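Let me begin by presenting the structure, written as structure tokens, before commenting on it.
The values are calculated or read from the model by the stated rules, or taken from the named source; none is laboratory data. Treat the numbers as computed from the prediction; the structure is a model and nothing was measured. No Cβ is skipped: glycine too gets one built from the backbone with ideal geometry, and neighbour counts run over all protein chains shown.
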Amino acid sequence: MKTTPFTEKHIALGASMHEFAGYNMPIQYTGIIEEHMIVCQGVGVFDVSHMGEFWVKGPNALAFLQQVTSNNVAVLTPGKVQYTCFPNEEGGIVDDLLVYHYEPEKYLLVVNAANIEKDWNWCVSHNQVGAELENASDRMAQLAVQGPKATETLQKLTSIDLSAIPYYNFTHGEFAGLPDVIISNTGYTGAGGFELYFYPEDAQKIWDAVFEAGAEFGIKPIGLGARDTLRLEMGFCLYGNDLDDTTSPIEAGLGWITKFVDGKEFTNRAALEKQKAEGVSRKLVGFEMVDRGIPRHGYTLLTSEGEPMGVVTSGTMSPTRKIGIGLGYVKPEFSKPGTEIAIDMRGRKLKAVVVKPPFRK
């Protein structure tokens, strides 16, 4: 298995380790529910150094990104971040990702760990305009410092005014005595905070500085288990569960990142534009359990009459709500909030109701 600059730290702290996307990663330390609540109420730190990073540079960088991504990169100015996806030719999604406009003619793509090689090959094979591409995944480390106390924690370590960085914006500069750290007001928890990008050789210094700064707020390391429950409570999609090569962004409720603007001829645009105009045969929805039960990935979703119509793509017991919640694809006529549906849980037909995420208010 691959390691991150923090793998030995996780093991020394007693984390429960498991393979994830080819990396030896911490799943939990003291328990998923406890770690989930630490992030919601205080501040927690995730090692997300397994994520992939690609630089896209040169005079043709924008043209390349407009062709391979669904969102309109042309609206980005330096310092702004955009959520988007790589559509494939069959109507599905190669991956969802973030685009950072680092400076004129220079962008950073942050892709899912499990898709680094797949995404890199996709970008290289679809680079028809001669953009400069660099796979920097092995030369960047990343921590996500999340929670309502994250800003106060990190402000101790930089002269940059973190409160002046809006959501989905970033800057780069001095942090913990190190130059050129990327400080990004992003994260996949819904609890607020920042993501830090830095060189692997600086990893231990940054880890130690962050934990010292957050000690008064009860800062703790957090595993990938709580990362999953946090993102699901917000209704955020996870690639491989809610999104994949067969799910279109229109079906997945990602029409807002699929921009049919003049001059942007991205992959499979015509088919996706037709979907948006004519409708789709399934839609991704959020649901809450009415009956007691925990929905799990792969469980069959049923109409209220018991007819199969889809599957649960993500599901868990909500740590903050104490009820079962999930995401899944249903027939469009069952996608309206308030609609009663059912879930086949090992032969038991349990009631649920469609709701509009987030589940955690």
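Per-residue answers, yes or no, for (1) over 14 Å from the mean Cα position of the chain (by Cα); (2) assigned to a loop (DSSP other than H, G, I, E, B); (3) farther than 22 Å from residue 169 by Cβ:
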site	(1), (2), (3)
190	no, yes, no
194	no, no, no
197	yes, no, no
201	yes, no, yes
210	yes, no, no
247	yes, yes, yes
263	yes, yes, yes
Cβ-Cβ below 9 Å, separation at least six or inter-chain, first residue in region 131-148 and within 20 Å of residue 112 (Cβ to Cβ), second assigned to a helix (DSSP H, G or I) and basic (Lys, Arg): which pairs?
144/227; 146/227
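Kindly indicate whether any position in region 114-132 is in contact with a Lys or Arg (Cβ under 9 Å, 6 or more places away or on another chain) and either assigned to a strand (DSSP E or B) or not acidic (Asp, Glu) (or both).
Yes, region 114-132 contains at least one residue that is in contact with a Lys or Arg (Cβ under 9 Å, 6 or more places away or on another chain) and either assigned to a strand (DSSP E or B) or not acidic (Asp, Glu) (or both).
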For residue 232, are the conditions met, namely being under 24 Å from residue 166 (Cα atoms), crowded, with 18+ Cβ neighbours inside 10 Å and in contact (Cβ under 8 Å) with a residue 40 or more places away in the chain?
yes
Is it the case, given these coordinates, that residue 338 is under 21 Å from the mean Cα position of the chain (by Cα) and modelled with pLDDT of 95 or more?
no
Enumerated helices (runs of 4 or more DSSP H) restricted to region 1-106, each holding at least 3 residues that are without any contact (Cβ under 8 Å) to a residue 60 or more places away in the chain
7-12
Out of 251, 288, which single residue is in contact (Cβ under 8 Å) with a residue 24 or more places away in the chain and assigned to a strand (DSSP E or B)?
288
